[in-house]
1. Can you find even one residue in region 74-93 that is under 17 Å from His11 (Cα atoms), surrounded by 15 or more Cβ atoms within 10 Å (Cβ to Cβ) and not charged (D, E, K, R)?
2. Does region 69-119 hold any residues that are aliphatic (A, V, I, L, M) and free of Cβ contacts under 8 Å to residues at least 40 places away in the same chain, and which are they?
3. Could you tell me whether any residue of region 47-57 is under 30 Å from Ala138 (Cβ atoms), in contact with a Gly (Cβ under 7 Å, 6 or more places away or on another chain), touching a residue at least 40 places away in the same chain (Cβ under 8 Å) and not acidic (Asp, Glu)?
4. Can you give me the number of residues within region 63-114 that are assigned to a helix (DSSP H, G or I) and either among the aromatic types (Phe, Trp, Tyr) or farther than 20 Å from Ala45 by Cα (or both)?
5. Looking at region 96-113, is at least one residue touching a helix residue (DSSP H, G or I) at 6+ places or on another chain (Cβ under 9 Å), buried (at least 16 other Cβ atoms within 10 Å of the Cβ) and under 30 Å from Arg7 (Cβ atoms)?
6. I'm told Phe145 meets every condition in (1) in a helix (DSSP H, G or I); (2) surrounded by 15 or more Cβ atoms within 10 Å (Cβ to Cβ) except one. Can you identify the failing condition by its number?
7. Which one of Val30, Val50 is among the β-branched types (Val, Ile, Thr) and farther than 25 Å from Arg115 by Cα?
Amino acid sequence: MDAQTLRIVEHVHGHSGWLTAVALVHPAIVLRRNRGAWAVGLSTALVTTVAALGVWLYGFYTDQLKRSIFQTAPRFGWMFERKEHLAFAAVMFAWLGAAAYVAAWKTEGTDRTFRTLAHRAYVIAAGIAIVVAALGTAVGTYKTF
């Protein structure tokens, strides 16, 4: 794939990453008030889609950028690697929150444990996603396709 197309996809991924970080804050807020089906569904779908795009880009990153970043600025290389691990954690916490939300709905509110777990999972996912977006921005400003 040519560099221009990869650069465009990389920018879409980066901007979508920031949008995802903001979107994950929404269920963290609305779940405190016993609402949030749309917020849970859409934010979890968005974080999953953006992560899938990142997984697709990773092969091109490894082939074209990883070695030169580690040779010229290892700090940015390690930032990118940390970003990838934290992004996986953000996706997993979002899915944990979604599963807990569904469990709370299925138990019809008889126990607040699932709703509390959903809220906390989205708070953690949002916090991690903000860090991931910041790390991605730092690395992206250093070197791009």
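Just so you know, all these numbers are worked out from the coordinates, no wet-lab data involved. Nothing here was measured: the structure is a model prediction, and the numbers come from that model. With ideal geometry, Cβ positions are generated from the backbone for all residues, glycine too; neighbour counts draw on all protein chains shown.
1. yes
2. Ala89, Met92, Leu96, Ala99, Ala100, Val102, Ala103, Ala104, Leu117
3. Within region 47-57, not a single residue is under 30 Å from Ala138 (Cβ atoms), in contact with a Gly (Cβ under 7 Å, 6 or more places away or on another chain), touching a residue at least 40 places away in the same chain (Cβ under 8 Å) and not acidic (Asp, Glu).
4. Final tally of qualifying residues: 27.
5. Checked against the condition, which is being touching a helix residue (DSSP H, G or I) at 6+ places or on another chain (Cβ under 9 Å), buried (at least 16 other Cβ atoms within 10 Å of the Cβ) and under 30 Å from Arg7 (Cβ atoms), region 96-113 yields no hits at all.
6. (1)
7. Val50
Residue-wise test of (1) of a type outside the set (A, V, I, L, M); (2) crowded, with 17+ Cβ neighbours inside 10 Å; (3) not in a helix (DSSP H, G or I).
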| residue | (1), (2), (3) |
| --- | --- |
| Thr5 | yes, no, no |
| Val12 | no, no, no |
| Ile29 | no, no, no |
| Arg35 | yes, no, yes |
| Ala39 | no, yes, no |
| Ala45 | no, no, no |
| Val50 | no, yes, no |
